[in-house]
Amino acid sequence: MTGYGSASAEAGGARVTVELRGVNQRFLDVRVSLPREYAALEAEVRDRVRAVAERGRIEVAVTRVPVASARRWRVGVRHELARAYVEAARDLARALKLEGRVTIADVLRLPDLFDVAERAGDPVRETPALWRALAGALRAFDAERRREGGALGRDMRERVAGLVRTAGAIGRRVPQAEAAARAALAERMERLAGPAGIDPARAAHEIALAAERGDVTEELVRLKSHLTALAAALKGTGPVGKRIEFLLQEVHRELNTTGSKSADLAVAELVLGARGEVEKLREQVQNVE
């Protein structure tokens, strides 16, 4: 399920910010981007994210900014370069027969004599800030996903309720469809038999076989059972995505069998509409844990 969360915290002279972005995906894929100082903590960051999410591709971006008042610097002097500057200046003075001497003020004005670098922070002292920021980002991320999940759940429950109504309509139509199929078969058999007529027992046997092949009672019983379980799963708590996927697969199977067994146009239209709803639900369940 899509989601976003961000939080920051300070410790050990650094401000740490964590951003989480989640997009839909069937399985869980956590991608972590950390500053070099926190590289050893990547596995634990990934584990803490996995404790909250079970599906989706989640990108975790961690940034570290030293607090200005806590920054420390190291200044290195390029002594060999300074000596070379001074010796060159003295050689030039002797060659031109000039008076004077090289002072420290003169040397300090020369380029590239100093190597300035910021001292590295202490990852151990900064780790509490990372965990606080990650926890805050995960709370915001989970809240966003729950908000989206609530809207998605309402829509899915409405679609399942529609499927229940469709299953009821199919069940009410089946007796009429079966009667029409038997009458059509009897008429066909009489037409093919011609003036000689047909043995009533044989006709009854053939009609009974055709009715048995077209009987969808078991499919409708299973369909209603799966829809009941599906409605219950959508009202449940905790990870239900994989169970919903399985139930939708079974609902789709029973609808297909019902449609293939029945030659009735009204039943076929009802099945076609129901299959369209199931496909929409199968797309939506990819967002559900």
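The values are calculated or read from the model by the stated rules, or taken from the named source; none is laboratory data. All values reported here derive from a predicted model rather than from experimental measurement. Virtual Cβ from ideal backbone geometry, glycine too; neighbours counted across all protein chains shown. These area figures cover heavy atoms from the full protein model, side chains too; ligands, DNA and RNA do not enter into them. Shrake-Rupley method; radii C 1.70, N 1.55, O 1.52, S 1.80 Å.
Some observations on this one:
- Taking amide H as placed 1.01 Å from N in the peptide plane, L28 has its amide H under 5 Å from the amide H of G56, each at least 5 places away in sequence or on another chain.
- FRET efficiency estimate (nearest 0.05) - Cβ-Cβ, V23 to A268, R0 51 angstrom: 0.85
- Distant-in-sequence amide H partners of V52 (H built 1.01 Å from N, under 5 Å): none
- Residues whose amide H comes within less than 5 Å of that of A7, counting only those at least five positions distant or on another chain, are V18, A137 (H built at 1.01 Å from N in the peptide plane).
- Accessible area (Å², 1.4 Å probe, nearest 10) - S260: 90 Å²
- Span from the region 2-45 Cα centroid across to the region 150-166 one, whole angstrom: 35 Å
- Low-density loop positions, trypsin sites (Lys or Arg not before Pro), region 75-167 - DSSP coil, at most 15 other Cβ in 10 Å: R78, K97, R101, R109, R119
- Scalar couplings 3J(HN,Hα) for region 132-139, obtained by applying the Karplus form with A = 6.51, B = -1.76, C = 1.60 to θ = phi - 60°, are 5, 5, 5, 4, x, 5, 5, 4 Hz; x denotes Gly and Pro.
- Using a Förster distance of 22 Å, the FRET efficiency for K235-E148 (Cβ separation, nearest 0.05): 0.80
- Accessible surface for region 1-90, divided over its residues, is 59 Å² per residue with a 1.4 Å probe.
- Whichever lysines have a C-alpha closer than 21 Å to that of K235, once near sequence neighbours (fewer than 8 apart) are set aside: K224, K280
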